[in-house]
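What follows is a short report on a single structure.
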Amino acid sequence: MALLKIVKESDDLEFLRRKSAPVKEITPRITTLLDDMIETMRAANGCGLAAVQVGVLRRVVVIETEDGLFELINPVITKKSGEQEGAEGCLSLPGKWGLTKRPACVTVRALDRNGEEFELTGYDLLAKAICHEVDHLDGIIYTDKAIRMLRPEELEMDED
Ligand code: NI
């Protein structure tokens, strides 16, 4: 396993804006990428990471919340319901937080590392993380959707 360099908005915003391509075949390169992304996400204390954030334009996402660790290849959101409003950040935009409105519940369909299709339904933080990471695959950053950016002293309103 290896720690990967996280692409920051300040280094290469143009790269983060690019659209990621679907994974056609799950090769050892993809499973190594998943392992390295998990290690990188944990080292950075994040709860989600998309491959584009480590310089790879493939539709691969890792998420870790209280609900568990999830690896999503070619994720597609199939259902959204409800609404939540709260603070949101991104490992590519360190030190910044925005107030966003996201669905309270999201269902996503994806492939696992064995190429098996599965469905995951997430609530609250997991729902938010799924939306945030899938957006990255289309070059969308949460600040595009933020109602407004938050000042550091406002962060205590939300534990996220
Ligand atoms: Ni992000």
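Tabulated values for the structure
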| item | result |
| --- | --- |
| Answer from Asp160, Asp67 - the residue that is under 14 Å from Cys47 (Cβ atoms) and modelled with pLDDT under 95 | Asp160 |
| Residue list for region 105-140, filter: touching a helix residue (DSSP H, G or I) at 6+ places or on another chain (Cβ under 6 Å) and without any contact (Cβ under 8 Å) to a residue 60 or more places away in the chain | Cys105, Val106, Val108, Gly122 |
| Out of Leu91, Leu150, sole residue that is touching an Asp or Glu at 6+ places or on another chain (Cβ under 9 Å) and surrounded by 19 or more Cβ atoms within 10 Å (Cβ to Cβ) | Leu150 |
| Given (1) more than 15 Å from the chain's Cα centre (by Cα); (2) in contact (Cβ under 8 Å) with a residue 60 or more places away in the chain, number of the condition Ala146 does not satisfy | (2) |
| Identity of the residue in region 124-147, assigned to a loop (DSSP other than H, G, I, E, B) and surrounded by 15 or more Cβ atoms within 10 Å (Cβ to Cβ), that ends up modelled with the lowest pLDDT | Lys145 |
| Residues of region 1-40 satisfying the condition of being outside any loop (DSSP other than H, G, I, E, B), at pLDDT 95 or above and within 16 Å of Gly139 (Cβ to Cβ) | Glu9, Asp12, Leu13, Glu14, Phe15, Leu16, Ala21 |
| Test: Thr121 is within 16 Å of the ligand (Cβ to nearest atom) and at pLDDT 95 or above | no |
| Unmet requirement for Gly86, which otherwise passes all of (1) in contact with an Asp or Glu (Cβ under 6 Å, 6 or more places away or on another chain); (2) crowded, with 19+ Cβ neighbours inside 10 Å | (2) |
| Exclusive hit being within 14 Å of the ligand (Cβ to nearest atom) and among the β-branched types (Val, Ile, Thr), set Ile30, Ile6, Ile26 | Ile6 |
| Leading residue by the ranking (farthest from the ligand (Cβ to nearest atom)) among those in region 88-105 that are modelled with pLDDT of 95 or more and of a type in the set (Gly, Ala, Ser) | Ala104 |
| Identity of the residue in region 41-87, part of a helix (DSSP H, G or I) and more than 14 Å from the ligand (Cβ to nearest atom), that ends up farthest from the chain's Cα centre (by Cα) | Ala43 |
| Residue list for region 29-69, filter: surrounded by fewer than 17 Cβ atoms within 10 Å (Cβ to Cβ) and either in contact with a Gly (Cβ under 6 Å, 6 or more places away or on another chain) or under 16 Å from Leu3 (Cβ atoms) (or both) | Thr32, Asp35, Glu39, Arg42, Ala43, Ala44, Asn45, Gly55 |
| Residue tally, condition surrounded by 15 or more Cβ atoms within 10 Å (Cβ to Cβ) and under 15 Å from the mean Cα position of the chain (by Cα), over region 18-28 | 1 |
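The values are calculated or read from the model by the stated rules, or taken from the named source; none is laboratory data. Treat the numbers as computed from the prediction; the structure is a model and nothing was measured. Positions of Cβ are backbone-derived with ideal geometry, glycine not excepted, and every protein chain shown enters the neighbour counts.
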